[in-house]
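Comments concern the structure below.
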Amino acid sequence: MKVALFTRYPPTPQQPRGGVESVAVVLVRALAAMGDLDVHVVTLASDRDTAVVEIHDGATVHRLAGSRWPQIADVLCGPGRRRLLDYVLALQPDILHSHETHGLMLGDLTIPHVFTLHGFDTENLRADAARFAALRSRLWRMVERRGLARQKHIISISPYVRRMIEPLTDATIHDIDNPVDERFFAVSPIPQGRRVLCVGWLNERKNTLGAIEAFALAVAHGTEGTLVIAGQAKEPAYQQKVLDCIARHHLTARVELLGHIDHGRLMEELGKAAVFLLPSRQENSPMAIAEAMAAGLPVIASNRCGMPYMVSENTTGFLIDPEDVEQIADRLKRLLNDSAAARQMGQTARRVAEQRFAPGMVAGQTRAVYQEIIK
């Protein structure tokens, strides 16, 4: 079976940038390893003017010249969309599996097609407090509704995603979790002190300030520990708020700002951490939680969107209101002050991750969807 996957794909597959690229690398590798699939990856690269073909992990990667149009315009009628369509039609795959926003507009293709929805730009813009968020959110809502209505098959990565899209489409919806890189399952957690790891962009949606405020409150109540934040700031103004918050609470010696880190460093940090914290305001099925669970860490995450479908209250971690700093601080104190309970939750989290996020299993479920669609 010749499979084409349209997705973001990093220039160096060992160093994915963000959740979608992480999913793409792991899924492509696992599908190619099956032996009965001819796997092709098609990606739009904004830094290229011509197409190039590479081989990575048994798959053929086609990097096409990207578009300088605004994404919403390019998705609808831009040069990137036209270039992608022409290339895929010439490639003649048995099935196309799209993971990127352009896939919203590919529902009418004659080639069998399945679309995996990784995020809702409508909701992300609001949660990010982005510039002109209200207007941009309304525009993306129209694009998303139109695109979802045209799909025949959709892979849902979370019950939350299914619930959001069911009123908007008549497509057949297939439920498959995102896969996690096998290396995360090999992490041996040996906490070095009471380290709390928080991974993600420094912005309003990830609620970095909420994490710092909660940690400061836990420290004020007598809890020892270190807050480690791995991620870049999208906006200098928000980064300054983070620095001001750290200084105001006299936490300079207790908060480590790592900036962007690669997968190797992330695994090291997971191995040294006692708790994983993600108090986001909006997420579908964050890879950061799945990776932390695979590494055997207890997770404190928000009780919003797709996160409650990943974290089980008082079993693999705790679910919190991202706006309730006192509640987050309380859950931090519980886990940091009770290493046995934290270790037990982490072990349970790893077992759950093995059942849900193992690459071979996810690839097998995905191939079964391909076969069903082709039939």
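The values are calculated or read from the model by the stated rules, or taken from the named source; none is laboratory data. Note that the coordinates shown come from a computational prediction; the quantities given were computed from them, not determined experimentally. Cβ: placed from backbone, ideal geometry, glycine included. Neighbour counts: every protein chain shown.
Out of 349, 341, which single residue is surrounded by 15 or more Cβ atoms within 10 Å (Cβ to Cβ), small (Gly, Ala, Ser) and modelled with pLDDT of 95 or more?
Unique residue meeting the criteria: 349.
Cβ contacts < 8 Å: first residue within 15 Å of residue 156 (Cα to Cα), restricted to region 359-371; second residue modelled with pLDDT of 95 or more and among the charged types (D, E, K, R), any location; separation 6+ or different chain. Result?
Close Cβ pairs (under 8 Å, with a partner that is modelled with pLDDT of 95 or more and among the charged types (D, E, K, R)) amount to 362/177; 370/94.
Just checking, which of 304, 265, 331, 351 is within 17 Å of the chain's Cα centre (by Cα) and of a type outside the set (Ser, Thr, Tyr)?
The match here is 304.
Need the failing condition index for residue 29 against (1) outside any loop (DSSP other than H, G, I, E, B); (2) of a type outside the set (Ser, Thr, Tyr); (3) buried (at least 21 other Cβ atoms within 10 Å of the Cβ), just the number.
The one condition residue 29 does not meet is (3).
Tally up the residues in region 173-202 that are surrounded by 20 or more Cβ atoms within 10 Å (Cβ to Cβ) and of a type in the set (Gly, Ala, Ser), please.
1
Identify all residues within region 331-348 that are under 27 Å from residue 204 (Cβ atoms) and in contact (Cβ under 8 Å) with a residue 40 or more places away in the chain; write none if there are none.
Correct list: 332, 333, 335, 336.
Just checking, does region 208-229 include any residue being in the same structural domain as residue 336 (by TED's automatic domain parsing), touching a residue at least 12 places away in the same chain (Cβ under 8 Å), surrounded by fewer than 23 Cβ atoms within 10 Å (Cβ to Cβ) and under 30 Å from residue 105 (Cβ atoms)?
No; the residues of region 208-229 include none that is in the same structural domain as residue 336 (by TED's automatic domain parsing), touching a residue at least 12 places away in the same chain (Cβ under 8 Å), surrounded by fewer than 23 Cβ atoms within 10 Å (Cβ to Cβ) and under 30 Å from residue 105 (Cβ atoms).
A quick yes/no check of all residues on (1) surrounded by fewer than 24 Cβ atoms within 10 Å (Cβ to Cβ); (2) under 24 Å from residue 187 (Cβ atoms); (3) modelled with pLDDT under 95:
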| position | (1), (2), (3) |
| --- | --- |
| 297 | no, yes, no |
| 300 | no, yes, no |
| 309 | yes, yes, no |
| 312 | yes, yes, no |
| 315 | yes, yes, no |
| 319 | yes, yes, no |
| 328 | no, no, no |
| 335 | no, yes, no |
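How about region 85-110: which of its residues are modelled with pLDDT under 90 and on the phi > 0 side of the Ramachandran plot?
Within region 85-110, none qualify.
Within region 161-169, identify whether any single residue is of a type in the set (Ser, Thr, Tyr) and modelled with pLDDT under 95, and answer yes or no.
There is no residue in region 161-169 that is of a type in the set (Ser, Thr, Tyr) and modelled with pLDDT under 95.
The rows are residues; the columns are (1) in contact with a Gly (Cβ under 7 Å, 6 or more places away or on another chain); (2) outside the structural domain of residue 146 (by TED's automatic domain parsing); (3) among the β-branched types (Val, Ile, Thr); (4) not in a strand (DSSP E or B).
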residue	(1), (2), (3), (4)
47	no, no, no, yes
54	no, no, no, no
60	no, no, yes, no
73	no, no, no, yes
83	no, no, no, yes
88	no, no, yes, yes
96	no, no, no, no
111	no, no, yes, yes
115	yes, no, no, no
